[in-house]
Amino acid sequence: MRSFGNSLSYRRNQCFFTILRNLQQLLLLLPLALLTACLPDDTAVADRYEVTGVDVSHYQGVIDWDLLVADGHDFAFIKATEGRELRDRAFEGNWFAAGRTGIRRGAYHFFRPEVAAATQANLFFKTVDLLPGDLPPVLDVEERGKLSPAQLVAAIKQWATMAEVHYGVKPIIYTGQHFYNRFLAGQLDEYPLWLARYDKDEPVTVCGRSFEFWQYTDAGNLPGVVGNIDRNVFTGTHLDLALLCIPPALPGERDLADFGE
């Protein structure tokens, strides 16, 4: 039988080790809790906006577009091309299937700074046939490479100018919030802007300009898609989105185009 003093000491030691064990468990869970708290909640963000959408590439595998659209999404940007000659292997299938559902669709090109802007634009033109009602073309800019900020902006403007002439509408510029603030702020105000910021709060630009699209997570989980998918919102109304799209051809415009071919 333990003495009273030994018993009290034993209970104190047990209490100490219990507290220490609980503290260790808390420290192990704290980073996960902090990370989870920083991640945007898909529903909470989307519910704040009238118009929501996704963007996809071959990384999403085979998409059931009927299920995805039935979940209530309004637009989809689909990767088409990259750099000098890469065509996304899922583009044609995604483009056709998305178009069949009636969702507003758009195509994007991933910009490679080491490749001439004109070469990249022509690859996109050969791959993507935009129709009235489709979203404007998108230039995805995430890398500067060896270009100076001024050279990068010049290359973007060359691609964008060629795209505007080809499709008759100003293209959208996509980039991350930090990349935009560091290299592009105040330089491309004539083009619609699509910013990525994986957070519950909207992107903030150092120049104070607004944006039209916000990619708020790359870890969305939606019907029709196996694995994660990028989720986006449009900051305007459905009418605003329609006005941003490729306009319908004017009467006789198609005939004149055919005559010139």
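Per-residue answers, yes or no, for (1) charged (D, E, K, R); (2) touching a Cys at 6+ places or on another chain (Cβ under 6 Å); (3) more than 17 Å from Gly224 (Cβ to Cβ):
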position	(1), (2), (3)
Gln60	no, no, no
Ile63	no, no, no
Asp66	yes, no, no
Glu85	yes, no, yes
Gly99	no, no, no
Ala118	no, no, yes
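Checking Val128 against (1) among the aliphatic types (A, V, I, L, M); (2) under 19 Å from Cys245 (Cα atoms); (3) surrounded by fewer than 17 Cβ atoms within 10 Å (Cβ to Cβ), only one condition comes out false. Which one?
(3)
Among Leu243, Leu195, Leu184, Leu239, which is at pLDDT 95 or above and in contact with a helix residue (DSSP H, G or I) (Cβ under 6 Å, 6 or more places away or on another chain)?
Leu195
Looking only at helices (runs of 4 or more DSSP H) that fall completely inside region 62-173, which ones have 1 or more residues that are touching a residue at least 40 places away in the same chain (Cβ under 8 Å)?
The helices (runs of 4 or more DSSP H) meeting that bar are 65-70, 117-127, 149-167.
Looking only at region 219-245, how many residues end up being assigned to a loop (DSSP other than H, G, I, E, B), out of contact with any Gly (no Cβ under 6 Å at 6 or more places or on another chain) and either closer than 21 Å to Pro137 by Cβ or of a type outside the set (Ser, Thr, Tyr) (or both)?
The number of residues fulfilling the criteria is 9.
Within region 220-233, which residues are farther than 16 Å from Trp65 by Cβ and under 11 Å from the mean Cα position of the chain (by Cα)?
Result: Asn232, Val233.
Picking from Trp159, Trp194, which residue would you name as being farther than 16 Å from Thr205 by Cα and among the hydrophobic types (A, V, I, L, M, F, W, C)?
Trp159
Conditions tested, residue by residue: (1) part of a helix (DSSP H, G or I); (2) farther than 22 Å from Gly53 by Cα; (3) touching a strand residue (DSSP E or B) at 6+ places or on another chain (Cβ under 6 Å); (4) in the same structural domain as His73 (by TED's automatic domain parsing).
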residue	(1), (2), (3), (4)
Phe179	yes, yes, no, yes
Gly186	no, yes, no, yes
Tyr191	no, no, yes, yes
Lys200	no, no, no, yes
Val204	no, no, no, yes
Gly208	no, yes, no, yes
Phe211	no, no, yes, yes
Thr217	no, no, yes, yes
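Any residue that is buried (at least 19 other Cβ atoms within 10 Å of the Cβ), at pLDDT 95 or above and touching a Cys at 6+ places or on another chain (Cβ under 9 Å) - is there at least one of those in region 136-150?
yes
The values are calculated or read from the model by the stated rules, or taken from the named source; none is laboratory data. Note that this is a predicted model, so its numbers are computed, not measured. Quick reminder, even Gly has a Cβ in these numbers, built from the backbone with ideal geometry, and neighbours come from all protein chains shown.
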